[in-house]
Amino acid sequence: MDKFIVSARKYRPVTFDTVVGQPNITLTLKNAIRNNHLAQAFLFTGPRGVGKTTTARILAKTINCDNISKNIEACDSCPSCKSFIDGNSMNIYELDAASNNSVDDIRALVEQVRYPPHLGKYKIYIIDEVHMLSANAFNAFLKTLEEPPYYAIFILATTEKHKIIPTILSRCQIFDFNRISVEDIVKQLKNIAEKEGVEAEEDALHVIAQKADGALRDSLSIFDQLVSFTGKKLTYKDVIANLNILDYDYYFKITDDLLAGNFSSILLTFNEILNKGFDAHNFINGLASHFRDLLVCKEESTLVLLEVSSNVREKYSVQSRFCESSWLLNQLEQAGKADINFKAAKNQRLHIELTLLKMCSAFSSEMEPVKKKAELTINQPPVAAKINPVIAAKDPVHVSASVSASVSVSTSVPAPALVQPEIPKEPVVASSPVKEEIASSPSIRKTVSISGKKKADVEKISEVKSADAVPEINTPFEIEKLTEYWTQYAAGLHDEGRMALHFAMIKRKPEIENESIVTFTVDNVALEKDLNENKTSLLAFLRKNLSNYSIDLNVKVEASPLTNENPYTPSEKFKKLAEKNPLINELKKKFDLEIEY
């Protein structure tokens, strides 16, 4: 019976070109060899399993090779290369600093440096985990590292560069190894699977690559483990079952239920996840990552940040069409709060369930979804045309229009279908295209312009931004009415738990400038940023209730002299108390206390 060799050793790179995921480093080293610009000391640093020691060995073998190729690769046939491959080279020394970290060990190494190589040009010393050397050992090594003999080259490798003293760092050329990307790991796993005769699904290899967290060696260890479990066929279901990873489908299903406002299905799905042994804390973090990936899919330029297979990427792309960016940001905020407060919760399951219900309620109140899936076709005359606001904002709109006849809008609605809200009828001006107001949420307004264009041209129309189509209603308003609706919006922030912005909005009153410009003053830049982030939602609320769509908001910063005297948020209160008694900070650190909001 042949002895089994793990994939991490069997398929370890032996040339610069086979090193995975570090093209800049290998190119720099090859150019240094080609131009004879080799330093006397190198420091390879980076996370585990990214090729530091492997690259050090390839460098050591190549610079001693007698027949280096034009591509700067070792020949593997000269006496120096053969002795290296057989493991009995007298010119390459490897030292594990984790177990040889004393001054005596370094003195013995320095003593060896005195003798020149008997075969080849250089004597190479590879010191792995160099950060484990003691302070005295580092000091004993300094002089030799700075002024070694012409034939001595030191290659230091570490995962913790910050633990190495600056005097050592200043004497080395430093190469920072990056985490290996998911795509590079998947590509390498595919090659190995083909060589080993293993039939592997792409989704399965992507899960392995993500689990490895940028370490190729870890991914190969997981690959060997799964091949032992499944045999010669590696499937996605077998991988997630063996690695105890929650299936993507659960996150897609929960998101669909959130979009449909299905409370009961969400709780039942979460119960099923817990019954399968998954941790609630990992689940809420995974759900937050799912919302992040959906947000990434909203723009084509950020799709490169989505590290999943093509099949899963398509699922994300479809579901992201039904999720507003503002809604996704709100869900991410809810998931973040649940993550932060998880360890402090007495009933952690209830804590996550309440978070899920809040997520569901937020969508139900804004988007008015229905709990069934259907296809909806709308045909209305121009004067009273109605368009489902959420669907129009997410799917391409197919329009066939005639100015003198009627406007017909046909929209195919993938699940989940959404309720079509009533939209006020407005007269159509004959000389301009038909404008229809679309209000997908209290914070978002969109319009779709329909003109007598050919169907093929209109199908290319993308989502219309709210700034491009504003209803022409500019009813004058008084400061009393403005203050009333301003306070109502601030009360909604209080219900959402956004206390800092709530208190800032009720602390001062807004002012009217130039009839439609609302000016508001805040105490600091942080509140200015927070209010500007909510500017779209606030303006939509004020414009609708005041029937004036020319309203704009101007936020100013003016430090309040009462801010330090009258703190109104928990963090400011704690800071005020800590100024009076610094021991409060020590108490907070000692008992690992947190400020409740």
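Values of log10 I(q)/I(0) for region 50-159 across q = 0.16, 0.18, 0.19 Å⁻¹ run -0.73, -0.90, -0.99, by the Debye formula with one identical scatterer at each alpha carbon and no solvent.
A simple spin-label model places pseudo-atoms 7 Å from Cα toward Cβ; at Arg9 and Ser289 they are separated by 3.1 nm.
Kindly rank 21-27, 219-225 from highest to lowest mean number of other beta carbons found within 10 Å of each residue. Don't jump to the answer; show the numbers that get you there.
Values: 21-27: 17.7, 219-225: 21.3.
With the highest mean Cβ count within 10 Å placed first, the list reads 219-225, 21-27.
Using a 1.4 Å probe, how large is the accessible area of Asp96, given in Å² and rounded to the nearest 10? Accessible area of Asp96: about 70 Å². With the highest mean first, a sort of the peptides 75-83, 185-193 on other beta-carbon atoms found within 10 angstrom per residue produces 185-193, 75-83. Once the C-beta distance of Arg349 and Asp592 is scaled by a Förster radius of 25 Å, the resulting FRET efficiency is 0.65 to the nearest 0.05.
With viscosity 1.002 mPa s and temperature 20 °C, the Kirkwood radius over alpha carbon pairs of region 99-147 converts through Stokes-Einstein to a diffusion coefficient of 184 µm²/s. Here the simple spin-label model places points 7 Å from the Cα toward Cβ, and for Asp96 and Asn35 these points are separated by 3.8 nm. To the nearest 10, the accessible area of Arg114 is 150 Å² with a 1.4 Å probe.
May I ask you to give the average projected area over all directions of the convex hull of the Cα atoms of region 181-291, in nm² rounded to one decimal? Don't skip to the answer; put the middle values down first.
Numbers: hull surface 29.2 nm².
Computing the convex hull of the Cα atoms and averaging its projections yields 7.3 nm².
Considering only Cα atoms, the convex hull volume of region 1-76 works out to 113 Å³ per residue. With the convex hull of the Cα atoms taken as the outline of region 106-189, the averaged projected area works out to 7.5 nm².
Karplus-derived 3J(HN,Hα) values for region 148-159, using 6.51 cos²θ - 1.76 cosθ + 1.60 with θ = phi - 60°, are x, x, 4, 9, 9, 10, 10, 10, 9, 10, 7, 9 Hz; glycine and proline are entered as x.
In the structure shown, the pairs Lys276/Lys337; Lys481/Lys509; Lys232/Lys315 are assessed against 18 Å; a Cα-Cα span above that value is assigned to Lys276/Lys337; Lys232/Lys315. Shown here for region 1-56: trypsin sites (Lys or Arg not before Pro) in loop regions (DSSP other than H, G, I, E, B) with at most 14 other Cβ atoms within 10 Å, namely Lys3, Arg48.
The values are calculated or read from the model by the stated rules, or taken from the named source; none is laboratory data. Since the model is a prediction, treat every value here as computed from it, not as a measurement. Methodologically, a virtual Cβ is constructed for each residue, glycine included, from the backbone with ideal geometry; neighbour enumeration extends over all protein chains shown. For the accessible areas, the whole protein counts, side chains as well, though only heavy atoms, and no ligand, DNA or RNA atoms are used. Shrake-Rupley method; radii C 1.70, N 1.55, O 1.52, S 1.80 Å.
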